[in-house]
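Below is one structure, written out as structure tokens; the observations come after it.
The values are calculated or read from the model by the stated rules, or taken from the named source; none is laboratory data. Here the structure is a predicted model, which means the values were calculated and not measured. Ideal geometry is used to build each Cβ from the backbone, glycine not excepted, and the neighbour counts take in all protein chains shown.
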Amino acid sequence: MTEAVPTSVRAPGDENLPRVRSLIVGSRMMLAANTTLQLTFLFAYLYLRANNFGGMWRPGVGTPAPGITLMILLVPVVTTLVLGAAVGVAGRGDRRALTRILGPALLLGAATIAVRVYQLYHTGYDLAAGTYVDIAVIWLAVILAEFVLGALWMVSIYNSHVRQTVVASHSHVRALFEYWLYATVVAVVVSGLIQFVT
Amino acid sequence: MTERRRRYIRMYALVWFVLAVAGDIGLALGPTPPFQASDLASSQSTVIKILAVIAWPVFSAVVATIAFTLFGNRVAPHEGDIDPGKLRGDSRPQIAWISASIVIVLSLAVYGTVALASDQPGAGISTTSASLRQPASPSDPLEVQVIAQQWWFTYRYPTYGGVETPQLVIPVGQKIQFHVTSLDVVHSFWFYALGVKADAVPLNDNVFTVTPTQTGTYRVQCSELCGLWHGNMNADDAMVVSSSDFAAWIQQQQAMDAPILKYLPAYSHTYEPNPPAYGT
Amino acid sequence: MAAVAVATRGTAPPSLSRRLHEWGLALAVVGAAIGFFVGYALGSLAIGDGDNSLGSNAGILLGYSLSAVGFLAGMGFFNYPIARLLGRPVPTADDEAYLHGEGGGLARYFRLTTDHKVIGMQYVVAILAFLFVGGLGAMFIRTELLTPTPTTATAESYLTLVGLHSTLMIFMASAAIIGPFGNYFVPIMIGARNMAFPRLEALTFWLLPPAGLILLSTVFLGGFTTGWTGYAPLADQNVLGMDSYLIAFSLIGLSIMLSGLNMIVTVITLRAPGMRFTRLPIFVWGVFLTSFLGLLAAPALLGAIAMETFDRTYLATLFVPAGGGSPYLWENLFWFFGHPEVYIFILPAFGLIMEMLPVFTRRPLWGYRVAIGGLVGVTVLSFMVWQHHLFVSGLAPALRPFYMFSTEAISVPTGLIYLVALGSLWRARTRFSTPMLFIGAFLFNFLIGGFTGVFLSDVPSDFTLHGGYFVQAHFHYTIMGAEVFALMAGLVYYLPKMTGRTMDTRLTRFQFWAVFLSFNGTFLSLLSVGILGMPRRVISYAQYLQPLNVSATVFAYLLGGSMLLFLGILIWNVVIRPVPAKENPWESLGVEWHLPTPTPVYNFDTVPTKWSLPYEYDTGRVAADVGHPAPALGGATP
């Protein structure tokens, strides 16, 4: 509104510490919000399944070959383990080691997305057919989107780290690890639910 | 505490007392919607009356306190009149307030639950379909299916050969069991005078039991937004009639249908809102 | 991490990115247009046949989503994430200062600015815009209801008006207190220089304009007939206008959620040294707890809307009984969000009212901890009551006693707020400044809102009151009578700080009585109409209800007029003929009033480390020593 605003000092450097804490607290709050979203889908899935209105419950999800199922479940888990190792490395402040471990993590992240996309298409979901998706497919798509976000986060940490614009700090990597761990647990649980509660 | 202040508080208590008593007498003696056209309506109007009688003194106490504290500043405090020990909260009024509100809430909840249990108006999802037996006595319910659709209610009388009418007619003094369902979107069947309100949800049989106690012509309307003509989904021709009039009316409806039914295949006496299985 | 240094702004010509940033709003419009057409094309293609209605549904949904993305891209919201993604250098201190709007000037209000005070002011404008456009809808609705049969509107336009009025007002109410006052004052009150995530904060504001415009665009797409609750399967049946509602509401849901996240993190991590949780001003508590509601409830709405979009495009039939879905699913998910949502409206208003009370009673807030207890109680219980919206739905009758009890139980913590208010007022020499009038009206109106709620929480009486005008008047008492009154109180109270200008006292007092009386006239009429059996959202009603409806309409016109008067006074005294405000006109002890006006860009020269509650009117101690010469206070009892 006013033209001349008195300028006090610049935001001083003493705010670095709260910023690091903000990142961790913020990402955990995001996981809390995410939990509501997952519970929304869980409720919808179980509600529709339990009531089976008009006898029209459609499980809709086929069973892929065991090897592929194993891949779908294992790849994100392995990614989580690698990221967990990265947290330890970042905690030691070893920059080169962190670069070496973030690369494979990134590849595994890409692989995760690949297997999740495969799973989604295997459910009978067909973009071109444009008809009859069920709750499981929407749910899997939401989880896929979360993995994509996680992978983008990984890319940004990796790129900034490799190009040395922002050295990946311990808390950065830890927030990412927590996020990925959360998404993986959700993905595994949901996959199991969809396979067994049909 | 000065004498003036004491007088002021006495006045405040008096004003509140008069307000509370006068209001409560008015509420207790005055007519309370939805009035007395059925057992359910009278019990609802009793519940509303009791809630209002409980609520009014509390309401007027808070309003009086706000008013007197706001305007009391012109009378009461002198320098040093404020008791500094009580500026930041005093545990006694807190405990009193919390206990009082918990007691009120608990008694309201218990009373509401008891009233709900004694009325048993809405049984929700029913697993059995309407029976085909005609009521032998007034305590034996006459079942009426209310089938809502955009934007009309249709009534089906399973016990009378499944005759279906666009007008609701029910006998007075007879226990009526409404089975409310819908063919398309969510509607709500509101028979205001009888105190009946039940959402009509497709696939669901919402049961509502009521005994009308006064004959008359009433309004039924939809009370859940159901699309374009929701505002016009009402009828002023719902009738509560004597049982002999009802018998005559239902015979007339059956007679009207008879010539057509000869040429139609036999159909169900009830509309089954949730068929147990399609293709499973 | 680049070193943060004290640097002066260069005199070099602005770089390309800054020029683009300055034209952000224009670029945003272009981006929104491009996004819409790309999305529409993609959506229509995705379904296969762009001609059928599902194809156009997908087109509109994707078009609106991408137009929101395009809008934000044009504003410059993706510059930072994309730079991070590519690993490009982090913005310099100079860049951040520019983004913060350090140079001042009017232009920073029209572009992406990360200063929480600028965002607070932007919210003031947006909230008032939503309020008055929504209010216009109310005037049309009341005009139509002068007669028992349709006269001025068609059934279609009437329901679209109802939908627009309600949804716009819900958008307004979701941020009416938290947006303007939360953003502006929470960082100051806790001794922070800014929010924890300033870009995110700007995002929560800049989601509002696209949401409002997308919602309003429904009139070009046939409108929607579901009201703000969007009940399925009616929503599945609706024409393309429904898609506007879905996208607009999800943008608002996102805004509520992100704003909640930001506030929580800010309060947790950015409190100044010495600012303990037990010293947080009660308004910050209100905002903090509300933020949990927003953070944890809004995702349910987002999930439900995601399901509904699949229903409308890919025939998921999750809510359509004919396809194995259930309307109850939407009702549950929606109200799981919807009920905490109404406390998102009122909790910050409680906080604001309790924040202002001590200033006018000149006494400490009576029972600070009781007030926190009340706010916490309401927050926790509000997640456990949603099925009272479904008492007559025929769903799970066995659960009704529980939800009746939990709903009634919520009046205990709410009662604590009243206890604190009454305790603060008791024996106080209250100053009848204009905000205090609004505070009194708030207490009165919300009391009616609360007591009418008791009748609705009781199942047997709810059978007759549910879905009627009694409910409508009940929540107008809580939202309009309480929250909007708190908004007006807050504006009168805080505009001198936010703008350095003040609203005319005599006119505002007159306006207060006009709005208070006409509001109560309107909604007491509507309470009566409801208890006599008038359903909500109808265009025609029974003949015998006409006199009360006419009374409601006449009062509603007065109400609309007095609201317009408020806007007129505000615009006249703040924008057109500025009336300079005194420093600290209410003689508050709050730290925000002891900073210079206008508030410095980074709030504090040095962040104070000694804090106390800002209610110590018995000792006259200011909440924190902020180093600026604070205007003298008249002592404890001036």
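Below is a table of values for the structure above.
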| read-out | value |
| --- | --- |
| Failed item, numbered, when C:LYS117 is tested on (1) surrounded by fewer than 24 Cβ atoms within 10 Å (Cβ to Cβ); (2) assigned to a helix (DSSP H, G or I) | (1) |
| Residue ID - nearest to the other protein chains (Cβ to nearest Cβ), chosen from residues in segment C:312-321 that are modelled with pLDDT of 80 or more and in a helix (DSSP H, G or I) | C:PRO321 |
| Tabulated pairs, segment C:399-414, first facing chain B (nearest Cβ under 9 Å), second basic (Lys, Arg), C-beta under 9 angstrom, 6+ apart or interchain | none |
| Considering residues of segment B:104-147 that are hydroxyl-bearing (Ser, Thr, Tyr) and crowded, with 18+ Cβ neighbours inside 10 Å only, the residue modelled with the lowest pLDDT | B:SER129 |
| Test: residue in segment C:449-458 that is farther than 20 Å from B:ALA115 by Cβ and either at pLDDT 95 or above or of a type in the set (Gly, Ala, Ser) (or both) | yes |
| Near pairs, Cβ below 6 angstrom, 6+ apart or cross-chain, from segment C:432-461 (among the charged types (D, E, K, R)) to any residue that is crowded, with 24+ Cβ neighbours inside 10 Å and at pLDDT below 95 | C:ASP458/B:GLY112 |
| Among the residues listed as C:TRP366, C:TRP386, C:TRP426, the single one being at the interface with chain B (Cβ under 7 Å from one of its Cβ atoms) and buried (at least 22 other Cβ atoms within 10 Å of the Cβ) | C:TRP366 |
| Hits in segment B:215-273 - residues which are in a helix (DSSP H, G or I) and within 14 Å of chain C (Cβ to nearest Cβ) | B:HIS230, B:GLY231, B:ASN232 |
| Some residue of segment B:132-148 being free of Cβ contacts under 8 Å to residues at least 12 places away in the same chain, of a type in the set (A, V, I, L, M, F, W, C), out of contact with any helix residue (DSSP H, G or I) (no Cβ under 8 Å at 6 or more places or on another chain) and away from chain C (no Cβ under 14 Å) | yes |
| Single residue of segment C:322-341 satisfying the filter (more than 28 Å from A:SER27 (Cα to Cα) and either assigned to a loop (DSSP other than H, G, I, E, B) or under 21 Å from the mean Cα position of the chain (by Cα) (or both)) that is nearest to the other protein chains (Cβ to nearest Cβ) | C:GLY324 |
| Flag for B:PHE35 being of a type in the set (A, V, I, L, M, F, W, C), within 22 Å of B:ALA96 (Cβ to Cβ) and either outside the structural domain of B:THR211 (by TED's automatic domain parsing) or surrounded by fewer than 20 Cβ atoms within 10 Å (Cβ to Cβ) (or both) | no |
| Test: residue in segment B:197-215 that is over 19 Å from the mean Cα position of the chain (by Cα) and more than 23 Å from C:THR229 (Cα to Cα) | yes |
| Test: C:PHE130 is in the same structural domain as C:LEU27 (by TED's automatic domain parsing), closer than 27 Å to C:VAL186 by Cβ and among the aromatic types (Phe, Trp, Tyr) | no |
| Residue that is modelled with the lowest pLDDT [pool: residues in segment A:7-45 that are outside any helix (DSSP H, G or I) and of a type outside the set (Ser, Thr, Tyr)] | A:VAL9 |
| Criterion violated by B:VAL163 - all others in (1) closer than 19 Å to B:VAL241 by Cβ; (2) at pLDDT 90 or above satisfied | (2) |
| Total residues in segment C:201-231, condition in a loop (DSSP other than H, G, I, E, B) and within 22 Å of C:PRO180 (Cβ to Cβ) | 1 |
| Pairs where the first residue, in segment C:521-539, is within 14 Å of chain B (Cβ to nearest Cβ) and the second is surrounded by fewer than 24 Cβ atoms within 10 Å (Cβ to Cβ) and acidic (Asp, Glu), C-beta under 9 Å, 6+ apart | C:ILE539/C:GLU144 |
| Members of segment C:82-98 that are more than 9 Å from every other protein chain (Cβ to nearest Cβ) and either touching a Phe, Trp or Tyr at 6+ places or on another chain (Cβ under 8 Å) or surrounded by 16 or more Cβ atoms within 10 Å (Cβ to Cβ) (or both) | C:PRO91, C:ASP95, C:TYR98 |
| Set C:GLY286, C:GLY241, C:GLY230: member being out of contact with any Gly (no Cβ under 7 Å at 6 or more places or on another chain) and not charged (D, E, K, R) | C:GLY230 |
| Yes/no for C:ILE346 being closer than 15 Å to C:ILE282 by Cβ, part of a helix (DSSP H, G or I), more than 7 Å from chain B (Cβ to nearest Cβ) and within 20 Å of the chain's Cα centre (by Cα) | yes |
| Only one of C:LEU422, C:LEU395, C:LEU381 that is out of contact with any Lys or Arg (no Cβ under 9 Å at 6 or more places or on another chain), within 30 Å of C:TRP335 (Cα to Cα) and assigned to a helix (DSSP H, G or I) | C:LEU381 |
| Residues (of a type in the set (Gly, Ala, Ser) and away from chain A (no Cβ under 14 Å)) located in segment C:173-200 | C:ALA173, C:SER174, C:ALA175, C:ALA176, C:GLY179, C:GLY182 |
| Single unsatisfied condition, C:ASN238 versus (1) buried (at least 24 other Cβ atoms within 10 Å of the Cβ); (2) touching a Lys or Arg at 6+ places or on another chain (Cβ under 8 Å); (3) at pLDDT below 90 | (2) |
| Residues within segment B:200-214 that are more than 7 Å from every other protein chain (Cβ to nearest Cβ) and in a loop (DSSP other than H, G, I, E, B), tallied | 4 |
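Okay, residues lined up against (1) more than 29 Å from C:LEU495 (Cβ to Cβ); (2) among the aromatic types (Phe, Trp, Tyr); (3) outside the structural domain of C:ILE170 (by TED's automatic domain parsing):
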| site | (1), (2), (3) |
| --- | --- |
| C:PHE283 | no, yes, no |
| C:THR309 | yes, no, no |
| C:TRP330 | yes, yes, no |
| C:GLY351 | no, no, no |
| C:PRO364 | no, no, no |
| C:VAL370 | yes, no, no |
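Per-residue answers, yes or no, for (1) surrounded by fewer than 20 Cβ atoms within 10 Å (Cβ to Cβ); (2) under 30 Å from C:ARG431 (Cβ atoms):
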residue	(1), (2)
C:PHE470	no, no
C:LYS497	no, yes
C:LEU507	yes, yes
C:SER518	no, yes
C:SER525	no, no
C:GLN543	yes, no
C:GLN546	yes, no
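Okay, residues lined up against (1) more than 8 Å from every other protein chain (Cβ to nearest Cβ); (2) among the acidic types (Asp, Glu); (3) in contact (Cβ under 8 Å) with a residue 40 or more places away in the chain:
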| site | (1), (2), (3) |
| --- | --- |
| C:LEU207 | yes, no, yes |
| C:PHE220 | yes, no, no |
| C:PRO233 | no, no, yes |
| C:LEU240 | yes, no, yes |
| C:ASP243 | yes, yes, yes |
| C:GLY253 | yes, no, yes |
